[in-house]
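Quick note: the coordinates plus some simple rules give every number you see, no bench work behind them. Note that the coordinates shown come from a computational prediction; the quantities given were computed from them, not determined experimentally. Cβ atoms come from the backbone with ideal geometry, glycine included; neighbour counts cover every protein chain shown.
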Amino acid sequence: MSIRIALSAAFLMLIATSVFAQPPVAAQQTPATSTAKPEDTEVWEPVPPVVTPGANDAAPPSDAIVLFDGKNLDEWVSAQDRSSARWTVGDGVVTVNKAAGNIETKRSFHNYQLHIEWRIPANITGSGQARGNSGVFLASTGPGDAGYELQVLDSYNNKTYVNGMAGSIYKQSIPLVNPSRKPGEWQSYDVVWTAPTFNDDGSLKTPAYVTVFFNGVLVQNHFELKGETRYIGQPFYKKLDGAPVKLQAHGDHSEPISFRNIWVRELP
Ligand code: MG
């Protein structure tokens, strides 16, 4: 072999050695020093409070505020004038009375976990937004439809704009998937609501966030809201400090829907 070929071979070996070289020692995983102990990273306090879970995951745990247990509407009032809530209670469920308008909780809430079940009647008629329309206003900010609406609708086989289907944050956030059940079957929302906060001058300090499981399936994943629900126009925030949860008596002419098993857990 000539000197030239030998030098070329040596050069190629040098390149190959550097390309496939082991990482330098400093880049490899550093072992724990001899003085570190497992206990150094153990946290013992504060101890989380004990909560007794419900008999099943839909039943209220021991620290929940039960808003409707099938018996009465003692926790609810008319959203129009705060008079008694005049929806129909029977057979352990509450059914929308469209003539009576929206109802909302007597209590106000900030951040919370909410469980609520709803059923579109098996004989539902209508189409689009006029088929089992209702809604859970996660924070009611006044009479009528003022607030932040998680839409309720028959979306089993019912086409409408997708930011207005069941599981949507109305006109703000499309659900990730559509896990709707057939009319006549009970469905559930499990919601984690983080209320917006405001500065003294009314400007927004931190936005609202919402996570929603619809029939156990994640449909809203820590969505950052742009403001209150607006039927027409873009959403915007208005200062509030605690708000009721409100249920919608929508003005469409389809058969009224029902709710049951409503409970909430206040969060820090
Ligand atoms: Mg609605």
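Sort Ile232, Ile257, Ile65, Ile124 by Cβ crowding within 10 Å, fewest neighbours at the top.
Placing the least packed residue first, the sequence is Ile232, Ile65, Ile124, Ile257.
Using the 10 angstrom Cβ neighbour count as an exposure proxy, how do Ser180, Ser34 rank, fewest first?
Ascending Cβ contact count within 10 Å gives the list Ser34, Ser180.
Looking at the chain as a GNM with Cα springs under 10 Å, which of Val50, Val219, Val191 has the largest mean-square fluctuation?
Val50
Taking amide hydrogens as modeled 1.01 Å from N in the peptide plane, which residues meet the under 5 Å criterion relative to Ser168, leaving out close sequence neighbours?
Residues meeting the amide H criterion: Gln151.
Roughly what would the spin-label model give for Ser203 and Leu176, points 7 Å off Cα along C-beta, in nm?
A separation of 3.4 nm, rounded to one decimal place.
What angle do you read, to the nearest 10 degrees and between 0 and 90, between the alpha-carbon axis of helix 3-19 and the longest principal axis of the chain?
That works out to roughly 30 degrees.
Starting with the fewest neighbours, write out Phe137, Phe213, Phe236 ranked by other beta-carbon atoms found within 10 Å of each beta-carbon.
Phe236, Phe213, Phe137
Translational diffusion coefficient, Stokes-Einstein: compute it for the chain using the Kirkwood radius over C-alpha pairs as Rh, at 25 °C and 0.890 mPa s, and state it as an integer in µm² s⁻¹.
113 µm²/s
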